[in-house]
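Heads up, the thing below is written out as C-alpha cells.
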Amino acid sequence: MQWIRSTITILKKDLQIELRTRFAFNMVLAFVAAAMLLVLFTLRADQLEPGPKSGLVWIIILFAALSALSRSFISETDKKTFDLLRIYAEGTTVYTGKLLYNFLFTLLINIATFAGYIFLMNLQIQSWIAFLVMLIVGTAGLSGVATMTAAVVSQADRKGAIFSVLSIPLFMPLILLLADISKTAFISGGDSSMNNVTALIGFAGVTISAGILLFDYIWEE
C-alpha cells in the first residue's frame, strides 16, 4: 500500500504541475495541429492511397512524443529536485509515477490527434477493436520507451539531443507495428493480425519491465 500511495503522490505532483502551467500540453497540441495542416496542404495527404494515409498519423505522434515526453525526468534535474526525490521516495515508485503520468498525457494527446486526423483525412474506423488496441497499447509502448530513455539521459549533458538519438531506434519497431495495425483499423476492418497485436503487447511489456528494472541502477548512482 505504501508503494501505491507513493506512486500516486508522484503522479499527482506531475499532474498538478502540468495543470498549473499547461506548457507541455499546449506545446504538443500546437505542434500536432501545425504538423497535420502541413501534411494536409503540402503532401495532399487526403488524396493519398489508404495505406499511407492510415499510417502517416503515427509519424506526427512520434515527433510530438519526442518534443514533450523527455521532460518527465529531465525537468527534475533542471529544477534541482532529483536529489529531493531520492530522499522522500523509492526508485520504483518514482519511475512508475512518471510512467503513469506519461501514459495519461500521451493518451490524451493521441485521442485529440486521432480526432483531428480522422476528420481532416476523411477516414472511417472499420475495426474498433483494432483501433482501441492500437491506441491504448501503442500509447503504453510510447510511454514506456520515452520514460525509460528520459531516465537514462536525465543526468547527462545535452539531454534533449541524447534523448532523441537513443529513443528513435527504439521507437521505430513500435511505429512500424502501429502502422500495420492502423491499416486494419481504418482500411480492412475485421480482426487485426494476431502477430502484430502480440508483438505490440510484448514490446510494450518488455520496455516497461526493462525500465522498472534498469531504473534502480540509475537511482543508486
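The values are calculated or read from the model by the stated rules, or taken from the named source; none is laboratory data. Quick caveat, the model's predicted, so the values are computed rather than measured. Backbone-built Cβ (ideal geometry, glycine too); neighbour counts: all protein chains shown. These area figures cover heavy atoms from the full protein model, side chains too; ligands, DNA and RNA do not enter into them. Shrake-Rupley method; radii C 1.70, N 1.55, O 1.52, S 1.80 Å.
Output yes when any residue across the range 132-153 is open to solvent by less than 40 Å² (accessible area, probe 1.4 Å) and not in a helix (DSSP H, G or I), and no when none is. Checked the range 132-153: no residue is open to solvent by less than 40 Å² (accessible area, probe 1.4 Å) and not in a helix (DSSP H, G or I). Considering the range 1-57, the residues that are of a type in the set (Gly, Ala, Ser) and within 21 Å of the chain's Cα centre (by Cα) include one that is nearest to residue 86 (Cα to Cα), namely 24. Residues in the range 1-31 that are in contact (Cβ under 8 Å) with a residue 60 or more places away in the chain and over 13 Å from residue 98 (Cα atoms): 3, 24, 25, 28, 29. Within the range 21-32, the residues that satisfy the criterion of being surrounded by fewer than 14 Cβ atoms within 10 Å (Cβ to Cβ) and either of a type in the set (Phe, Trp, Tyr) or modelled with pLDDT of 80 or more (or both) are 23, 26, 30. All conditions in (1) at pLDDT 75 or above; (2) over 25 Å from residue 208 (Cβ atoms); (3) open to solvent by 20 Å² or more (accessible area, probe 1.4 Å) hold for residue 80, with the sole exception of (1).
Scan the range 88-130 residue by residue and report those that are aromatic (Phe, Trp, Tyr) and open to solvent by less than 60 Å² (accessible area, probe 1.4 Å). Talk me through it step by step, then tell me what you get.
Here is the first cut: in the range 88-130, the ones aromatic (Phe, Trp, Tyr) are 88, 95, 101, 103, 105, 114, 117, 119, 128.
Of everything in the range 88-130, those that are aromatic (Phe, Trp, Tyr) and open to solvent by less than 60 Å² (accessible area, probe 1.4 Å) turn out to be 95, 101, 103, 105, 114, 117.
Pairing each residue of the range 38-50 that is under 23 Å from residue 181 (Cβ atoms) and at pLDDT 75 or above with any residue that is of a type in the set (Asp, Glu) and surrounded by 13 or more Cβ atoms within 10 Å (Cβ to Cβ), provided the two are 6+ apart or on different chains, yields C-beta distances under 8 Å for 40/46. In the range 90-109, the residues that are without any contact (Cβ under 8 Å) to a residue 40 or more places away in the chain and farther than 11 Å from residue 140 by Cα form no Cβ pair under 7 Å with any partner that is assigned to a helix (DSSP H, G or I) and of a type in the set (S, T, N, Q), whether six or more places apart or across chains. Among the residues making up the range 1-48, those that are touching a Lys or Arg at 6+ places or on another chain (Cβ under 9 Å), over 23 Å from residue 75 (Cα atoms) and not aliphatic (A, V, I, L, M) are 46, 47.
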